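The values are calculated or read from the model by the stated rules, or taken from the named source; none is laboratory data. None of these values were measured; they are calculated from a predicted model. Please note: Cβ atoms are built from the backbone with ideal geometry, for glycine as well, and neighbour counts cover all protein chains shown.
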Amino acid sequence: MKSQIVYKIQRIFTNTIIHLLLLTVAVSCLYPMLWVAASSLKTQETVFKDTSLVPREWRFQNYVQAWREGGFGRHFLNSLVYTVLVVMGIVLVSSLAAYGFSRLEFPGRNAIFYIFLLAMMIPVPGSFVALYALLNKLRLRNTEVGYILAMINVGLSTSIFLLKTFFDKTPKELEDAARIDGCSKFGIWWNVALPLAKPVLAVVVVFNALNVWNEYLLALLIFDDRPKMPLQVALQTFQGEFLTNYPLLMAGLTITAVPIIILYLLMQKYIVKGVTQGAIVG
Amino acid sequence: MSFQRLRSTLENYLFILPAVTIFTIFYIIPFFWVFQLSLFKWDGIAFTKTFVGLRNFMDIFSRDSSDPLWWRSIAQAGYITLFALTFQNALAFLLALACDREIKLKNFYRVVFFIPPVLSEVVVGMVWRLILNDIDGANLLNRGLIALGLENLTRHWIYDQHIALTTVAIVHSWKGFGWGFLIFLAGLQTIPKELYEAARVDGANAWQQFLRITLPLMVPVIILVGILTVLGTMQAFVLVKTLIQSEVAGSISVPVLRILNSMNNQDLGFGYACAQGLTFGILLVIISFVQNRISKKFSSL
């Protein structure tokens, strides 16, 4: 009887500690971005003095100013266009290739697939130097097309791998039926295979969207012209010019972070799936 | 008939053609160019490159190398990596253990812990810079510590060059632990509950269950997370750039920043940057090879 009480007290005690730990970490994850979002509505004078999460007055004109004068409107659109085009490119190119590697016969199939796989595993920290030189030579540096193609390449290997693994596990009956009905190979890929692959395509879309929106190094190397830059690089140059205007910088940070947080919250299920699958890939 | 087969095979190649083209131009060619360029002295602009053989590499390994910060930058990336391997992964594991049970708000925690990983490094670096900077006595962390009566823990987090590297490591861990957390949690959920029940019947307490069941079964997952942590952290650079910027410039750097620096440096140039990149890449391959070896040894036990 007594031991049961001790056991119960012990249980309550450990549960409290566990909850305290979890709560502390959760608050630390939420607080920084919440504080920046709240402070983006304050004035330059009060931004560090008033540290509350609810600003006394809501200066939405900070956002208007950041959007227009700070140029965040332009960079936001840039980021959006790059993300959408790159993700569309990756979905098309990688699903075509994955379908080919999984379903079609041609000499060198496995060898070529293994080269893609190998690229996922070998780190080449200097390759951006060579890529810079190559883009210069192709006159693709400082162009939107160059950046979009380079970013499609970044997401290609992993996406092909995820999709090929999916196609390998999927039964072929539907495709066989379509073939008997006289559907072409591309028709089968588009009308049968892609709709079946929707759950994996969602993982591919979410991860690549996160990756492109947050990308920094290639954008830094490729773009010289300010109007072409995506948000991540623009934030850095902005910091140099409007050094002392903290609420504007905070508005810019919020504009950059909020879309990705919304995407994450909406597509949360696929992120969990992608992380665990991606871990198996590694 | 055979013409039709040829046609069919060519059609099959069309499926991989776009991927192979993009991959060749943007991955394979730069990959081989890195090796080639590392043997030249070239500023990246001039029409002619000067062949220098292995001199770039000899310079990197020489006593008075042209980039005196290079090896120190590797050591500093190593420090951040060690911090992430131990502190960050231990925290991730602990939190995963805490969430691998019937507990309130479990899904809330799962969602929240992955918010730092979805933010970009630029945003994370700049946000923490705003929190930790000393302008106008801003430093929210110090104010919090003072409010808690922990005045002797206050620091100039990003201005003191003895602290700044640890600050980077902590913020890096804050940003990254969510990955490990999700992978550990997925791993824990694959352990059959019957094992624990059987152990409990045999009279094993919670600690014994953890040591005899959870830990051994999680070794492959722990090593996997370890490998991902090393490869990711060693190549991180944006946080250093955005969080501490110029205050401690020169005293704190990481390899990718040095490569970028060499690239923009007239005296060193693209060739030297490629040689540094290769040296570093080989080091990373060796590290992950050793880690793989260790993991094989463990899983055969």
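So the values come out like this:
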item: Positions within the range A:18-64 being touching a residue at least 40 places away in the same chain (Cβ under 8 Å) and within 11 Å of chain B (Cβ to nearest Cβ), in sequence order; result: A:33, A:36, A:37, A:39, A:40, A:44, A:47, A:48
item: Residue match in the range A:26-36 (condition: at pLDDT below 90 and of a type in the set (A, V, I, L, M, F, W, C)); result: no
item: So residue B:233, is it among the hydroxyl-bearing types (Ser, Thr, Tyr), assigned by TED's automatic domain parsing to the domain that holds residue B:78 and either more than 27 Å from residue B:133 (Cβ to Cβ) or over 21 Å from the mean Cα position of the chain (by Cα) (or both); result: no
item: Residue match in the range A:208-217 (condition: assigned by TED's automatic domain parsing to the domain that holds residue A:140, surrounded by fewer than 20 Cβ atoms within 10 Å (Cβ to Cβ), modelled with pLDDT of 90 or more and closer than 30 Å to residue A:104 by Cβ); result: yes
item: Test set (1) modelled with pLDDT of 95 or more; (2) away from chain A (no Cβ under 14 Å) - residue B:72 fails condition number; result: (1)
item: Options A:89, A:73: the member that is surrounded by fewer than 16 Cβ atoms within 10 Å (Cβ to Cβ), small (Gly, Ala, Ser) and in a helix (DSSP H, G or I); result: A:73
item: Leading residue by the ranking (farthest from residue A:106 (Cα to Cα)) among those in the range B:17-59 that are surrounded by 15 or more Cβ atoms within 10 Å (Cβ to Cβ) and more than 12 Å from chain A (Cβ to nearest Cβ); result: B:59
item: Residues (under 12 Å from residue A:189 (Cβ atoms) and in a helix (DSSP H, G or I)) located in the range A:102-122; result: A:102, A:103
item: Which numbered condition residue A:171 fails, given (1) outside any helix (DSSP H, G or I); (2) within 14 Å of chain B (Cβ to nearest Cβ); result: (2)
